[in-house]
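A short write-up of the structure that comes next.
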Amino acid sequence: MATSDSKAAPEPQPFETLRWRGELPGELILLDQTLLPGEETYLVCRTVSDVFGAIRRLSVRGAPAIGIAAAFGVIVGIQEATRSEEDLTRAFQETVDRLAESRPTAVNLFWALDRMKARFAELSGKPPVEKVQRLLDEARQIHEEDRQQCEAIGRHGAELLSDGHRVLTHCNAGALATGGLGTALAVVYSAVRDGKKVSVYANETRPLLQGARLTAWELQRSHVPVTVICDGMVGTVMRQGRIDAVVVGADRITARGDVANKIGTYTVSVLAKTHGVPFYVAAPESTFDFATLHGDDVTIEERAAEEITQGFGPRTTPDDIDTYNPAFDITPAENITAIITDRGVIRGPTEEKVRVHFGR
Ligand code: MRU
């Protein structure tokens, strides 16, 4: 008689965070993350405003996914502007400028737009239709490279986790935030693939609950054990010895290794230091901002008060209350045990180590 032990492990239930549908003209399809975990609905973006709005309201979010969406957003904005060279150049510039205004902190957005600009410049003199086709190839390439970088981050990071490890993560740095497996969660998925029993504590991540809604959703679909806690519980959970490692993602990493990530990450790093828990940051090269040295120089997005006062339904504060809603914070390099990149691990990050690691 078959026992439950002899059953094959349940298959993960795949989903697509974003993809380009069709050729030219085509459209950008996004899983609308504002509706998760309740509803799995895909948005169709046919205009630059559609893409801009999706990034701004967090239908697509997470630094690498924002960059990929912006690259395809450029195609959405230029694909009908092929009547003349002037038409195309104007549409390209307007689209890039608009998308650059969508969110300020995740450097992957600007990295992806710069890459599209560089490709556009290289194609100077080619007929407009060919230019658009080559730019679509470039956006697809950005997407594919990110998928491969997630795999590499997972491979390098999995070596830092042992069988039985309990990992704390903050926000969502998983498949929902990238073109592949994720960054922080790629480390977990990869360790699980290697046969290690790894479980996750997911901080709920106030105010927009990316941990409770998104990290919990995607880990559950992949059958990775996950426990959701409120952000204020981290200290107690660490003090109780329930966490073996922290792994988080990043929106921007400066040349000296300071990390901008979802608000609350800094607090977790301080608690990890106090409790002697290793604190790892996982990110691809496209998340590094080599032109900025210190975290204090990173622009931190401030978002609407309503995210705090009535994020998901009934008002939870008195009317007319003051709020302060920075979406990200800075974790100084000194609080970071190692940064896991697609090119390997930077232990005890410093400016010298970061620059040598990438040859920058
Ligand atoms: O506001 P969000 O949801 O876009 O914030 C996302 C994060 O802070 C992630 O940790 C970060 O972008 C890394 S995603 C691989």
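Just so it is clear, none of the values below were taken in a lab; they were calculated from the coordinates. This is a predicted model, so every value here is computed, not measured. Cβ atoms come from the backbone with ideal geometry, glycine included; neighbour counts cover every protein chain shown.
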Subject >> Order of His170, His143 - criterion: other Cβ atoms within 10 Å of each residue's Cβ, fewest first >> reply: His143, His170
**OP:** Give me the number: length gained by fully extending Glu101 to Arg57, i.e. 0.36 nm times residue separation minus the C-alpha to C-alpha distance, one decimal in nm.
**Re:** 14.6 nm
**OP:** Filter the DSSP H helices in the chain by two things, a Kyte-Doolittle mean of at least 0.0 and an axial alpha-carbon span of 27 angstrom or more, and list the hits by number.
**Re:** none
Subject >> For the range 247-255, 3J(HN,Hα) per residue [Karplus equation, 6.51 cos²θ - 1.76 cosθ + 1.60, θ = phi - 60°, Hz, x = Gly/Pro] >> reply: 10, 10, x, 8, 9, 6, 10, 7, 4
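Rank these for me by crowding, Ile78, Ile346, going from fewest to most other beta carbons within 10 Å.
By the 10 Å Cβ count, ascending: Ile346, Ile78.
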Original post:
In a shell of Cβ-Cβ distance under 9 Å around Gly73, excluding Gly73 itself, what net charge do Lys and Arg (+1) and Asp and Glu (-1) give?
Top reply: 0
**OP:** Largest first and in whole Å, give the semi-axes of the range 18-149's equivalent ellipsoid, each being the square root of 5 times a Cα gyration tensor eigenvalue.
**Re:** 24, 15, 14
Original post:
Given the pairs Lys197/Lys262; Lys196/Lys273; Lys262/Lys353; Lys126/Lys262, which span a C-alpha to C-alpha distance of over 31 angstrom in this model?
Top reply: Lys126/Lys262
Original post:
To the nearest 0.05, what FRET efficiency results for Gln310 and Arg147 with a Förster distance of 45 Å applied to their C-beta separation?
Top reply: 0.75
Subject >> Gain on full stretching of the segment that runs from Asp194 to Glu301 - 0.36 nm per residue minus C-alpha separation >> reply: 34.8 nm
Subject >> Alpha-carbon centroid distance for the pair the range 321-360 / the range 184-253, whole angstrom >> reply: 19
**OP:** Extending each Cα 7 Å along its Cβ direction at Arg239 and Asp163, get the distance between those two points in nm, one decimal.
**Re:** 3.3
Subject >> For Arg343, distant residues with modelled amide H under 5 Å away >> reply: none
Original post:
In what order do Glu40, Glu145, Glu285 fall by count of nearby beta-carbon atoms within 10 Å, going from fewest to most?
Top reply: Glu40, Glu285, Glu145
Original post:
At Arg140 and Gln220, where each label point lies 7 Å from the Cα along Cα→Cβ, what is the point-to-point distance in nanometres?
Top reply: 3.6
**OP:** Note down, for the range 237-360, the three equivalent ellipsoid semi-axes (square root of 5 times each alpha carbon gyration tensor eigenvalue), biggest first, whole angstrom.
**Re:** 30, 19, 11
**OP:** Bin width 10 Å, alpha-carbon pairs only: give the P(r) of the range 2-85 as whole percents, running from 0 to the bin holding the largest distance.
**Re:** 16, 41, 21, 12, 7, 2, 1
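Once fully extended, how much extra length lies between His294 and Thr47, figured as 0.36 nm per residue of separation less the alpha-carbon to alpha-carbon distance?
Value of the extension gain: 85.3 nm.
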Original post:
If amide H atoms are built 1.01 Å from N in the plane of the peptide, which residues on other chains or at least 5 residues away come under 5 Å of the amide H of Leu168?
Top reply: Tyr201, Asp244, Ala245, Val246, Val247
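Work out, in µm²/s and without decimals, the Stokes-Einstein translational diffusion coefficient of the chain at 25 °C, 0.890 mPa s, Rh from Kirkwood over C-alpha pairs.
Values: Rh = 20.9 Å.
Answer, rounded: 117 µm²/s.
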Subject >> Cα pair count fraction exceeding 19 Å, expressed as % - the range 109-176 >> reply: 54
Original post:
Residue by residue, what Karplus-based ³J(HN,Hα) values in Hz, rounded to whole numbers, does the range 12-21 have, using 6.51, -1.76 and 1.60 with θ = phi - 60° and x for Gly and Pro?
Top reply: x, 9, x, 8, 10, 5, 7, 7, 8, 9
Original post:
How far is it, in nm, from the label point at Gln93 to the one at Glu130 when both lie 7 Å from their Cα along the line to the Cβ?
Top reply: 2.4
Original post:
If you count the DSSP beta bridges with both ends in the chain, what percent of them are antiparallel, to the nearest 5?
Top reply: 55
